[in-house]
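Here's the structure we're looking at; comments come further down.
Derivation of every value follows stated rules applied to the coordinates shown; laboratory data play no part. This one's a predicted model, so the numbers in the text were calculated from it and none came from an experiment. Heads up, the Cβs are rebuilt from the backbone with ideal geometry, glycines too, and the neighbour counts pull from every protein chain shown.
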Ligand code: COA
């Protein structure tokens, strides 16, 4: 069938589209800044019609209204990652958390989490009858491919990106036209501590490296110190505005990449309109599914892959807790381990865990033992470099004693005496 005819025949209103969601359905929502806010609003307005609709989502950038206490009998959120709007619902027992590696999420849609309905956001169709998932291909693409019903908010403000993100419009069952600004992530404030961490991380990065950067002030601070480097590349779960300046000054060229030279390879994008304008119809940017971008075997095909991620606590043996404070789940594994493992198999690769030495200015993040109940995100077998504002600890392949020694040297000075006394008790040796 002519694709423009298909589009017209499958066009409907938000109100009518969400009536197709049935009690007991599993609904997967498009990820992060690509979340289809209008469809979610319409679904929540129709809450009285549903019982026990499971909402599967990862980074929630919107209001997460389906997590409100009064929504309890209508929706149950199943978070694959938690954030500000979903943590409380999980800690109060009104929602669930499912531990997972990001690159395996698409596979879950064929095993434990088959999808009834996918709610996503797309661009209007192009001249070839394709729409683009824009700022998120990640698990969103597989949700579209595997769902029994796909409802898409068509938003003219969504940038048209290439790679796996561009799909035939016939993959969508119902189109709901609604223009709205795409959710934006403002650049974070970079303080003195982040600058020092950024400078330490940058000292581990060499000309020609390919980078993976997480979200937040630390990755952006690292970028500030890379202006003197040459021919850096990007193969990253996500990028935000921070990379643009390095593209403009010719530091990020992607020229030396051993996998897809010349291309930015990402699975989602979070930034301001500046980033969205940069990626719009930019054939140098591939937005591919997370089952590809984050697969450690794919990551490892990039020589000299350097990953930079953050964490909550590191114990003296190098066990890294990144997603919970004790028993309280605050985020998720995300792509951290995908990239730590990919970097360790990459020829010349390195992985960096970068964090301030303290939390709230008074709690050491380097600790003798992780808080009771904390989930180990990156194991001590996988950990490579740990960086704070006080320096760099290289742990991979080191003994327990060498690790503890190195970690104490980058802890906040206030906490070093207590850590040293723990070291001496544990290793029966003076520091
Ligand atoms: N003890 C007590 N509280 C701690 C703590 C500790 N050791 N470490 C952090 N916190 C608190 C912070 O004070 C902050 O509290 P607040 O919200 O009341 O201000 C909260 O936990 C979040 O910490 P913060 O350092 O502000 O978080 P961040 O936004 O820099 O994110 C991680 C850090 C570790 C949570 C985040 O990087 C993450 O989730 N990582 C795992 C996933 C990942 O790496 N994905 C791959 C890249 S996208």
Next item on the list: Quick one: work out the % antiparallel among DSSP beta bridges in the chain, nearest 5.
Entry: 25
Note to self: Taking every alpha carbon pair in the stretch 311-407, what does the distance histogram look like in 10 angstrom bins from 0, in percent?
What the structure shows: 17, 52, 29, 2
Next item on the list: Starting with the fewest neighbours, write out 267, 399 ranked by other beta-carbon atoms found within 10 Å of each beta-carbon.
Entry: 399, 267
Next item on the list: Compute the long axis of helix 336-345 from its Cα atoms, compare it with the longest principal axis of the Cα atoms of the chain, and write down the angle in degrees, 0 to 90, nearest 10.
Entry: 60
Checklist line | Alpha carbon centroid spacing (whole Å) that separates the stretch 124-172 from the stretch 6-56 | finding: 16
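State, as an integer percentage, the relative contact order of the stretch 3-177 based on alpha-carbon contacts under 8 Å between residues 6 or more apart.
On the way: 374 pairs, mean separation 44.1, N = 175.
RCO, the stretch 3-177: 25 percent.
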Item checked: Rounded to 5, the percent of DSSP beta bridges in the stretch 3-177 classed as antiparallel -> 10
Note to self: To make sure I understand, if each residue's beta carbon is the centre and we count other beta carbons within 10 Å, what order do 276, 139, 6 fall in, fewest to most?
What the structure shows: 6, 276, 139
Checklist line | Nearest 10 degrees, 0 to 90: helix 400-409 Cα axis against the chain principal axis | finding: 90
Next item on the list: Report, in degrees rounded to the nearest 10, the 0 to 90 angle that the Cα long axis of helix 192-202 makes with the longest principal axis of the chain.
Entry: 90
Check: Using helices alone, what [θ] at 222 nm do you get for the chain, with -39,500 (n - 2.57) per DSSP H run of 4 or more residues, divided over all residues and rounded to the nearest 500?
Finding: -6500 deg cm²/dmol
Next item on the list: May I ask what percent, to the nearest 5, of DSSP beta bridges between residues of the stretch 192-427 are antiparallel?
Entry: 35
Next item on the list: Within 10 Å of each residue's Cβ, count the other Cβ atoms and sort 260, 148 from fewest upward.
Entry: 148, 260
Margin query: Based only on Cα atoms, what mean projected area does the convex hull of the stretch 67-212 have, in nm²?
Written below: 12.7
Item checked: For the chain: relative contact order, % (alpha-carbon pairs under 8 angstrom, 6 or more apart) -> 13
Check: Taking N as the number of residues in the stretch 192-427, what value does Rg over Cα atoms divided by 2.2 N^0.38 Å take?
Finding: 1.00
Next item on the list: Mind jotting down a quarter of the surface of the convex hull over the alpha carbons of the chain, in square nanometres, one decimal?
Entry: 20.2
Checklist line | Average Cα contact separation per residue, the stretch 192-427, under 8 Å, 6 or more apart, as relative contact order % | finding: 18
Checklist line | Label-point separation, residue 3 to residue 420 (7 Å along Cα→Cβ), nm | finding: 6.8
Check: Roughly speaking, what is the centre-to-centre gap between the stretch 81-105 and the stretch 231-282 when only Cα atoms are used, to the nearest Å?
Finding: 29
